[in-house]
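Shown next, in C-alpha cells, is the structure this report addresses.
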Amino acid sequence: MKALVAVKRVVDANVKVRVKPDNSAVDLTNVKMSINPFCEIAVEEAVRLKEKGTVSEIVVVSIGPKEAQEQIRSAMALGADRGILVESSEDLGALEVAKILKGVVEQEQPQLILLGKQAIDDDSNQVGQMLAALLNAGQATFASEVKVDGDKVQVTREIDGGLQTVELALPAIITTDLRLNEPRYAALPNIMKARKKPLDVKAPADFGVNATTKLKTIKVEPPAERKAGVQVKSVDELVEKLKNEAKVI
Ligand code: AMP
C-alpha cells in the first residue's frame, strides 16, 4: 500500500512572527522554517503504518519554493521513502494546492493520502477537503486514530464534545489532528540517509495547473499589544479593582 503525505513549509511554530512595515505579509527574512506541525504528524502516522507492515512506500510531496526541499528531506529523515517537490514561487491559494495534489495523486495512485488538518501559517483548513472533492474520494478530517483494515480505513475524528468513528473505502483522504501521535525526532544516521533518497522536482504546469491564485491578501496585522498587568497585594484589592475599575463583577 502506498501512502502519499503532503507537507507544507511554514514558519517554525516557535518563531515570533513579524509583519512587514507595509502590512502586506509576514516578514520571512532570516526566519526559521519547518514542516507544518500537523504535516509532521501525518508523516509520523505513515511511518508507523509502514513499521506495522500496512504501508509499503511513503511518498512525500510539497508545493512551494526550491527551499521546500529541506522539509521534504526532514520528512525523509523521519522515514518517508521518496519526495516530490512541485516548485513554485507563487503565493499559492488552497485551491491551487489542491489541484496540484490531485495531479500528484493521479500520477502516484496512493491508497492513503495524509495531510495536516491545517497549515499554521494561514490557518486555512481547506486543502484536504478540497482535494477530496476534486478526487471524488472519501475524507476523514481531524483524525485522532487511524486503523487500516484491508481496503477500508477506520478513522476516529475529534468533533465538538467527543469522538466520531467513520469508515472509508480506500483510496481516502485523512487530515491529522494533534492527538493522533507524537512525532519522533530524526536520528542523525537517518538525516544522512535522507540526503540520498530520491527527490523529483516538478512544476505546476506538469499537472496542468496554473498556480496563480485568485485570492488576494489585502492586509496583514499583528495581534493587538496586551497592556501591562498590575500586581495586587490582597484578594480584597483584587475584588475592589474587578468591581470598580474593570467593572466585570
Ligand atoms: P491548509 O488547508 O492550507 O490549512 O493546509 C492543510 C494541509 O494541506 C497541510 O497540513 C498540508 O498537509 C497540505 N498543504 C497545504 N499547503 C501545502 C503545500 N504548499 N504543499 C504541500 N502540502 C500542503
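Here are the numbers for this structure:
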| read-out | value |
| --- | --- |
| Distance between modelled label sites at GLU167 and ARG179, nm, 7 Å Cα→Cβ extension | 2.3 |
| Rough spin-label spacing in nm, given labels placed 7 Å along Cα→Cβ, for LYS197 and ALA228 | 5.0 |
| FRET efficiency, 1/(1 + (r/R0)^6) with R0 25 Å, evaluated for GLU221 and VAL248 via beta carbons | 0.40 |
| Per residue convex hull volume, Cα atoms of the chain, in Å³ | 187 |
| Theoretical ellipticity at 222 nm over the chain - DSSP helices of four or more residues, -39500 (n - 2.57) apiece, nearest 500 | -8000 deg cm²/dmol |
| Peptides ranked, highest mean first, by Cβ atoms within 10 Å: ranges 45-55, 15-25, 72-82, 200-210 | 72-82, 45-55, 200-210, 15-25 |
| Sorted peptide list for 120-131, 96-107, 153-164, criterion being average Cβ within 10 angstrom, highest first | 96-107, 120-131, 153-164 |
| Estimated Rh, the stretch 29-141: Kirkwood, alpha-carbon pairs, angstrom | 14.5 |
| Point-to-point label distance, LYS16-THR212, nm (Cα→Cβ direction, 7 Å offset) | 3.9 |
| Of LYS8/LYS117; LYS2/LYS66; LYS50/LYS99; LYS2/LYS102; LYS99/LYS202; LYS66/LYS202, pairs whose Cα-Cα distance is over 20 Å | LYS2/LYS66; LYS50/LYS99 |
| Neighbour net charge for LYS196 - beta-carbon separation under 14 angstrom, K R +1, D E -1 | +4 |
| The stretch 99-216 - convex hull of the alpha-carbon atoms, volume per residue in Å³ | 160 |
| Rel. contact order, % - alpha carbon contacts under 8 angstrom, at least six apart, the chain | 24 |
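Values quoted throughout were computed directly from the atomic coordinates according to the rules given, and no laboratory measurement underlies them. Values in this document were obtained by computation on a predicted structure and should not be read as measured data. Cβ sites come from the backbone with ideal geometry, for glycine too, and all protein chains shown count toward neighbours.
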